[in-house]
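The block underneath contains the structure these notes are about, expressed in structure tokens.
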Amino acid sequence: MEKRRHHRGNVTSCVTNGGKTTLAKNLQKHLPNCSVISQDDFFKPESEIETDKNGFLQYDVLEALNMEKMMSTISCWMESARRSVVSTDRESAEEIPILIIEGFLLFNYKPLDTIWNRCYFLTIPYEECKRRRSTRVYEPPDSPGYFDGHVWPMYLKHRQEMQDITWEVVYLDGTKSEEDLFLQVYEDLIQELAKQKCLQVTA
């Protein structure tokens, strides 16, 4: 497929506060011609977020996100990447446009399934996730019991849904240091770029 030749679509996903945004930013700093699209940028206004019977705002569901707008942003990037490549025969691994999409509900949205080249999912245990969440400031702020009553149950639900995924997902230990996680994913992506260059040379 042409789009696979002209760009690399990579995804980092995880439970809330798992380290996906930090990892994506570190990769962007070190990978050539790399862009990042964050799912968090597509939350709907608070006035459009539903509440459950306990009064918890339902932020950890796809309905809280403007996924159509996110898909449009991705499509615009892909089209721009295609136009930026003048000649695929002369393209080097360093020149391949790379897109990293980071978010917490990426593998649960079917229209994204055909985009990925490499998929990563950061995991952290309950206690560590809750501790990290407590150190963050949100707008609107978490109400008492929000983590146990909404955030963690939704994470478990979405993880269960991921059992139906047919492509490879690399699971990462989110309790590792930022440097260790970065090196693991960076080296993997460099190998993928090298393979892509070989495919172009032999095509």
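The values are calculated or read from the model by the stated rules, or taken from the named source; none is laboratory data. Here the structure is a predicted model, which means the values were calculated and not measured. Ligands, DNA and RNA are stripped out before the accessible areas are found, and what is left, the full protein with its side chains, is counted by its heavy atoms. Shrake-Rupley method; radii C 1.70, N 1.55, O 1.52, S 1.80 Å.
Rank L172, L57, L183 by accessible area, highest first, at a 1.4 Å probe radius?
L183, L57, L172
With a 1.4 Å probe and all protein chains kept in place, how much accessible area does I49 have, in Å² rounded to the nearest 10?
Roll a 1.4 Å probe over it and I49 shows about 20 Å².
Can you give me the accessible area per residue for the stretch 9-202, using a 1.4 Å probe, in Å²?
Counting only protein heavy atoms, the per-residue value for the stretch 9-202 is 54 Å².
When only Cα pairs under 8 Å and 6 or more residues apart are kept, what is the percent relative contact order across the stretch 9-202?
Once normalised by length, the contact order is 37 percent.
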